[in-house]
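The structure appears right after this line, and notes come after that.
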Amino acid sequence: MESVFGLVGDGFAVVAADTSATSSILVHKTNEDKIMKLDSHKLLGASGEPGDRVQFTEYIQKNVHLYQFRNGIPLTTAAAANFTRGELATALRKNPYNVNLLMAGYDKGIGPSLYFIDYLATLHKVEKGAFGYGSFFCLSLMDRYYHSGMSLPEAIKLVDECIMEIRSRLIVAPPNFLIKIVDKDGAREYAWRESIKEA
């Protein structure tokens, strides 16, 4: 019952994801971070099979770092998204990854951006996006309340509404969510929304 969603506001992008690690009917942990920090100004929110999600996002992170070490400059968010799409497309014909991604970033002179990348290597630049069962509710809420140029408090309010809708509408709802933002000051954790604490 994974949920990953994000949106672009005025000078920032925000990504939120549930933090449940599950297998069949079991919950193994409720503090799994599904939003990877690729570099100082990029976030990669992922949903999908746990092994594919972890392995593929780490592979992308290390290759983004490798490019920066070799060339002395970081990839732009668009370039990182296209690289990621290319790796998914190559794997699709051999041993596909069951992983869906939202890549958020901030580039100097360009501003914030959000890219939607699914397991079939589809890539779109979007202002708002979601994956998982929670997307049924998040996308309808964002269609109704999202507008370009949202302030950070407005965006967080919308994210919280999405979280509350997921918790109240899904029969097996994830209890905890992690919110991260990226802006001119970099990518960082913004807040946790917890209804269950780890023992």
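The values are calculated or read from the model by the stated rules, or taken from the named source; none is laboratory data. Bear in mind the structure is a predicted one, so any value in this text is a computation, not a measurement. Virtual Cβ from ideal backbone geometry, glycine too; neighbours counted across all protein chains shown.
Out of the residues in region 162-199 meeting the condition of being in a helix (DSSP H, G or I), in contact with a helix residue (DSSP H, G or I) (Cβ under 6 Å, 6 or more places away or on another chain) and among the charged types (D, E, K, R), tell me which one is surrounded by the most Cβ atoms within 10 Å (Cβ to Cβ).
That would be 165.
Quick one: which strands (runs of 3 or more DSSP E) sit completely within region 1-74 and have at least 3 residues that are over 23 Å from residue 137 (Cα atoms)? Break it down stepwise before answering.
On the way: elements: 3-8, 12-18, 21-23, 26-29, 35-39, 42-48.
Because the criterion is at least 3 residues that are over 23 Å from residue 137 (Cα atoms), the strands (runs of 3 or more DSSP E) in region 1-74 that meet it are 26-29, 35-39.
Restricting to region 12-34, name every residue that is surrounded by fewer than 24 Cβ atoms within 10 Å (Cβ to Cβ) and at pLDDT 95 or above.
Residue satisfying the conditions is 12 alone.
Assess whether residue 117 counts as being of a type outside the set (Phe, Trp, Tyr) and crowded, with 17+ Cβ neighbours inside 10 Å. Talk me through it step by step, then tell me what you get.
Values: of a type outside the set (Phe, Trp, Tyr): yes; crowded, with 17+ Cβ neighbours inside 10 Å: yes.
It is true that residue 117 is of a type outside the set (Phe, Trp, Tyr) and crowded, with 17+ Cβ neighbours inside 10 Å.
Take residue 63 and decide whether it is among the polar types (S, T, N, Q), more than 12 Å from the chain's Cα centre (by Cα) and farther than 26 Å from residue 111 by Cβ.
Details: among the polar types (S, T, N, Q): yes; more than 12 Å from the chain's Cα centre (by Cα): yes; farther than 26 Å from residue 111 by Cβ: no.
Judged against the criteria, residue 63 is not a match.
Within region 68-86, track down each residue that is surrounded by fewer than 17 Cβ atoms within 10 Å (Cβ to Cβ) and not small (Gly, Ala, Ser). Show your work before the answer.
Here is the first cut: in region 68-86, the residues surrounded by fewer than 17 Cβ atoms within 10 Å (Cβ to Cβ) are 68-73, 78-79, 82-83, 86.
The answer is 68, 69, 70, 71, 73, 82, 83.
Scan region 128-159 for residues that are under 22 Å from residue 76 (Cα atoms) and in a loop (DSSP other than H, G, I, E, B) and report the count.
Selection size over region 128-159: 2.
(1) assigned to a helix (DSSP H, G or I); (2) surrounded by 13 or more Cβ atoms within 10 Å (Cβ to Cβ); (3) among the charged types (D, E, K, R): which one isn't true of residue 125, the others all being true?
In the conditions (1) assigned to a helix (DSSP H, G or I); (2) surrounded by 13 or more Cβ atoms within 10 Å (Cβ to Cβ); (3) among the charged types (D, E, K, R), residue 125 misses (1) alone.
Please work out if residue 77 is of a type in the set (Val, Ile, Thr) and touching a His at 6+ places or on another chain (Cβ under 9 Å). Reasoning before the result, please.
Values: of a type in the set (Val, Ile, Thr): yes; touching a His at 6+ places or on another chain (Cβ under 9 Å): yes.
The answer is yes for residue 77.
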